[in-house]
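K.L.:
Can you read through this structure? Questions will come right after.
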Amino acid sequence: REYAVRKAAAWLCRDIRNRFLEDMREELLRNADGILRELTSGAYGKLTPGDDLKKPDFSLTLADGSTQDSTDVLSRGTREQVFLAVRLGRIMEIRPALPVIIDDTLVNFDPPHLERAVSVLSRLSRTHQIFLLTCHPHLISLFMKTKEECQYWRLDNGRFSETDGASLMEYL
């Protein structure tokens, strides 16, 4: 009888865990797949949470249909694109829309990936207030090209002052 109770409890725990993972995939990763696909030009697509919920890791489906079981094999830039996609996907689901603070998250992106990330953030800025903290003038330039309404602020000796994008780029 004790064996049967323990086996039933183990089955219930596995079932609850599997349902939780599937719900997490559906809820938390709903938009992440599409964002990752856009950031990587289709090289990576579907994200699946790893089995160990204590370790933030995902398996990824590649464009050719093959699977990578972990983000550990990815370059630093691609790993950061995965986690940016997960964070932005979740941010898009939260209502009411909350402000988003990005502090040089894009620093390890090469130019093509950076342009795609700016495009994603540009769309997000239509529904969310975004604070982008950076010391990289080329990033300011990319946001200026989006034609989205932006405010630019300069931090100099602990004081903020409003400025325009060109002046901020020159300062940086």
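K.L.:
Looking at the range 70-79, can you tell me whether even one residue there is free of Cβ contacts under 8 Å to residues at least 40 places away in the same chain and over 29 Å from residue 139 (Cβ atoms)?
P.N.:
Yes; the residues of the range 70-79 include at least one that is free of Cβ contacts under 8 Å to residues at least 40 places away in the same chain and over 29 Å from residue 139 (Cβ atoms).
K.L.:
Do we find that residue 92 is in contact (Cβ under 8 Å) with a residue 40 or more places away in the chain and either open to solvent by 50 Å² or more (accessible area, probe 1.4 Å) or among the charged types (D, E, K, R) (or both) in this structure? It would help to see each step written out before you state the result.
P.N.:
Values: in contact (Cβ under 8 Å) with a residue 40 or more places away in the chain: yes; either open to solvent by 50 Å² or more (accessible area, probe 1.4 Å) or among the charged types (D, E, K, R) (or both): yes.
In short, yes.
K.L.:
Any residue at all in the range 20-43 that's in a strand (DSSP E or B), in contact with a strand residue (DSSP E or B) (Cβ under 6 Å, 6 or more places away or on another chain), at pLDDT 90 or above and under 30 Å from residue 139 (Cα atoms)?
P.N.:
no
K.L.:
Hey, which of the strands (runs of 3 or more DSSP E) in the range 110-172, taking only ones fully inside, have at least 2 residues that are within 25 Å of residue 81 (Cα to Cα) and open to solvent by 70 Å² or more (accessible area, probe 1.4 Å)? Talk me through it step by step, then tell me what you get.
P.N.:
On the way: elements: 130-133, 152-156, 159-163.
Because the criterion is at least 2 residues that are within 25 Å of residue 81 (Cα to Cα) and open to solvent by 70 Å² or more (accessible area, probe 1.4 Å), the strands (runs of 3 or more DSSP E) in the range 110-172 that meet it are 130-133.
K.L.:
Of the residues 82, 107, 5, which is outside any loop (DSSP other than H, G, I, E, B), surrounded by 12 or more Cβ atoms within 10 Å (Cβ to Cβ) and β-branched (Val, Ile, Thr)?
P.N.:
Testing whether each residue is outside any loop (DSSP other than H, G, I, E, B), surrounded by 12 or more Cβ atoms within 10 Å (Cβ to Cβ) and β-branched (Val, Ile, Thr) leaves just 82.
K.L.:
Would you confirm, using the coordinates I've provided, whether residue 46 is surrounded by 15 or more Cβ atoms within 10 Å (Cβ to Cβ), among the basic types (Lys, Arg) and either touching a Cys at 6+ places or on another chain (Cβ under 7 Å) or more than 30 Å from residue 156 (Cα to Cα) (or both)?
P.N.:
yes
K.L.:
Identify the single condition in (1) more than 29 Å from residue 127 (Cα to Cα); (2) assigned to a helix (DSSP H, G or I); (3) open to solvent by 90 Å² or more (accessible area, probe 1.4 Å); (4) among the acidic types (Asp, Glu) that residue 64 does not satisfy, given that it satisfies every other one.
P.N.:
Only one criterion is unmet by residue 64, namely (2).
K.L.:
Determine if the range 104-119 includes at least one residue that is over 29 Å from residue 46 (Cβ atoms) and either touching a residue at least 60 places away in the same chain (Cβ under 8 Å) or not aromatic (Phe, Trp, Tyr) (or both).
P.N.:
Checking the range 104-119: not a single residue is over 29 Å from residue 46 (Cβ atoms) and either touching a residue at least 60 places away in the same chain (Cβ under 8 Å) or not aromatic (Phe, Trp, Tyr) (or both).
K.L.:
Evaluate the following for residue 99: is it in contact (Cβ under 8 Å) with a residue 60 or more places away in the chain, open to solvent by 50 Å² or more (accessible area, probe 1.4 Å), on the phi < 0 side of the Ramachandran plot and not acidic (Asp, Glu)?
P.N.:
No; evaluated as a whole, the condition is false for this residue.
The values are calculated or read from the model by the stated rules, or taken from the named source; none is laboratory data. Here the structure is a predicted model, which is why all the values come from computation and not from measurement. Neighbour counts run over all protein chains shown; Cβ positions are idealised from the backbone, glycine included. All accessible areas refer to the heavy atoms of the entire protein, side chains included, with ligands and DNA or RNA removed. Shrake-Rupley method; radii C 1.70, N 1.55, O 1.52, S 1.80 Å.
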